[in-house]
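None of the figures in this text is laboratory data; all of them are computed from the coordinates on show. Given the structure is predicted, the values throughout are model-derived calculations rather than measurements. Virtual Cβ from ideal backbone geometry, glycine too; neighbours counted across all protein chains shown.
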């Protein structure tokens, strides 16, 4: 399990402080905290519950409702393979499978060394680049089995 | 009614109030629209789609629970389209999950079943979906069967909006949706406190009371309404009975004070009633051991011994402890027995240990020593000040009123308490005072209010007296000075003062944190001062509201189980009153000088001046302060008779034990904390030869040469009516439907929910200038920590009743020492370490519980547990007026306890 470091706790507390007095603070706080820790384990939810004075049951309900939030730790890098129509017909699926095979990871899962999390997405609005892959904030066009591994080599 | 607000439902015209929903208009006019998820009086969720109706001109069917009535709207509630929609909805609900009625506890009391029957849903065309989640049976009280859950959300609403315990919510989404506690943990590992409101509102068999499982079908159970035997809220409950056994308790939904809500004790703490350890025969001690005896033998022995002692040492050598657990009628007889038969005013009860200072303080300030406003007023308050009351644990149902007022109403909450109690989460301001410094902060607040001219001048001038003296006294209590005494930052004090003074109405709620001090009466008077200063007494939503701890502690006081007054607070030292009572009771004279209090009787027993005690339903060997001393004192008696339903710690040392009956086995009345006199109904027959308390008193009295003849408790109430002005108009017939608030002097009088409206009982409200006096014992080098004591949610007082319940014991199995993380670090204490806590009077051992409720320098120990009795540590310093002991403050030291060389 990925540990929440002291630095992360400080950031979490800062996020809570910033949003504390606002109504409707929960979702932005969860979002920001997830971007700090990569996920929202119970200990972080408890901290938010105390800080915002929102019941833990409500927080858990929100976290498990939105697919954006995760309670499992995410990898250092998030790979998103587009399976929208254009990408799909141009080979998105074999691309996805090649990553699954290479890293032994299911779609929606994370590699054991927490290097990658793998997700499939429905159309990222870059059909001209199909088949497309997004790693963190970088978008790659016309990826194939051949160049995917080379691209991913750049993400340690 | 607005002529523009007309609606047509099923071809009939109805008028509606703006904002009313279609469902409300229909219900008001007797039109039955079925509902499933809707909880009357709360925000509609519109989740279940059962209450759909057809509104002419709209394309879709609309949920009547959530659709406001509109002018000239034409509604059909049972049209073909509506019925078809309901039919499909019911079919879908039945297909989602496992709705097998064969062994379902809800069978016969299930809304889904009723609906399926009503709309004749015989076949289900959809495949039954598999249950994703296993049934949760891991706790002793509530079973969660997710396969029967229809996700209507009533439980979520009950938890969050009615009880405001906020323990459950909706989790996940789509087909995986589930009602979850925090982290989807089982209830017993979550924030759930087992009030069971969710079980009460569950329309199907998804949430059920585990102890009631397989104990009887809904139609086999007799359901009888009575009053809860625990705290002073006086919740109305239904006892469900089969074969002379209580198998379930539910809240009475359609009336005050609780409107269906209960707490964990009220709903699940009934095991004591049918418990095998109940006393069933009289016991006589011979050669240090009890033997069973006949009633005749036991009563004759008691009569003979009391007679002898009276003859040899005089009537004042005998004392009677009456009880806040027995009925009004029985308390009346107990004091009559003490005064007319024994000839002594030595009668008192446990109010001495809880609210004696309230009765004394408010009686002097206002003329009447009870809660000024009804519970229902809470939601009318703009500001609620709670001090010295851990309301969520000691008066849970009242705490829900407060939480609702804050969460969903307009009220702001100030909590002033040395512990960060659960209610602090709901407070705008939580203020932490040093133990025993309440007079100082109250004076400080008044200082600010007067200085800033925020007080209600017109009210002070027209309704009160003594203001100038008060003003002079509080002058020196500047925020800076108050900070030095109380540790409350000046800014917080000023903020609290302004908040209180600027809100109208503002109410004050307090309990033992205010009363159980050697300055208890002063503390109470300070609350009265503060309230009067801002014109809050005698108005809806305002007032000074002491929360009484026992089901009938108010009644026991009202009916004269006090050493200085007859029933209705008629003082014994008044010759005219004495004469009138003597005439009614047909005795020559009655004792004139006030008797001894409970606390004094124990001291005098130690000194050998009290020779005999007759203790009814009390357990001083756990409840009294400085227990080691109390134990020696009671051992010193010549004769001790205890009348109880269990062999309590006190009963164990008695010479004679008389088995009496529990609340479920008797008729009568209890008076709750808001002076609401309510009926107690006999539900089952008592075990063995156990006898009604009033009958025991009558039997004993007859053997001592004084005849009391009553047919039943009703005839006792009739005598109470004659001699007690404030209870003059209270009759069983009137109480049958709903209780009455005293004063209720005549049969025509509607009762008095609110006291001091327009005029104080004593005329003008009296301000008392009060100076701060420190607690009798403060920490020093030898005993460096403060100890304060109190209750936990799951137990009641000395545990005689709650500790018979496995479920409750499971939730709170043993004593603990609540300690702050700072103190824990300083003493190198880890969670669960065994600690030895000692004071100048004794020592106990209990496990450490590190909690952010505790504040550095102060530890907390609950007083329920005889094995680690906190009262071995407490200080018996008495309030000079009310003689209430200082349970709330003493000095202790802690160290790790080692047993056989190891930490246990």
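What to note about this one:
- Of A:88, A:140, A:66, the one that fluctuates the most in a GNM where chain A has Cα springs shorter than 10 Å: A:66
- Residue-averaged 222 nm ellipticity for the protein assembly as shown, from DSSP H runs of 4+ at -39500 (n - 2.57), nearest 500: -8500 deg cm²/dmol
- Axis angle, to the nearest 10 degrees, between helix A:56-65 and the longest C-alpha principal axis of chain A: 20 degrees.
- Debye log10 I(q)/I(0) at q = 0.11, 0.16, 0.17 Å⁻¹ for region B:724-841, Cα point scatterers: -0.81, -0.94, -0.97
- Length-normalised contact order of region B:128-268 in % [C-alpha pairs under 8 Å, at least 6 apart]: 20
- Solution diffusion estimate, µm²/s, Stokes-Einstein, the protein assembly as shown, Kirkwood Rh from C-alpha pairs, 20 °C, viscosity 1.002 mPa s: 67
- The relative contact order of region B:1-105 comes to 29 percent, based on Cα pairs under 8 Å that sit 6 or more residues apart.
- Spin-label pair residue B:66-residue B:225: with each label point 7 Å from Cα along the Cα-Cβ axis, the two points sit 3.3 nm from one another.
- Ellipsoid semi-axes for region B:356-546, based on the Cα gyration tensor and the rule √(5λ), read 22, 19, 17 Å when sorted largest first.
- Note on chain A: Cα-Cα pairs beyond 23 Å make up 45% of the total pair count.
- Each principal axis of the Cα cloud of region B:546-677 was evaluated for its coordinate range; sorted largest first, these ranges are 41, 36, 30 Å.
- Directionally averaged shadow of region B:675-772, computed from the convex hull of its alpha-carbon atoms, nm²: 11.4
- Of all DSSP beta bridges confined to chain B, the antiparallel ones make up roughly 55%.
- Degrees, to the nearest 10: A:92-103 long Cα axis against longest axis of chain A: 70
- Average partner coverage of B:158-168, which counts Cβ from other chains inside 10 Å: 2
- Helix B:520-533 vs. chain B, principal-axis angle (Cα, 0 to 90°, nearest 10): 50
- DSSP bridge orientation in the protein assembly as shown - percent antiparallel, rounded to nearest 5: 55
- Taking the DSSP bridge list for chain A and keeping only pairs wholly inside it, about 55 percent are antiparallel.
- Descending semi-axes in Å of chain B, equivalent ellipsoid built from Cα gyration tensor: 46, 33, 30
- Using a simple spin-label model with pseudo-atoms 7 Å out from Cα toward Cβ, residue B:376 and residue B:295 lie 4.1 nm apart.
- More than 20 angstrom apart: percent of Cα pairs within region B:396-479: 51
- Contact order relative to length of chain B, as percent, for alpha carbon pairs under 8 angstrom and 6 or more apart: 13
- Averaged over A:43-54, number of beta-carbon atoms from partner chains that fall within 10 Å: 1
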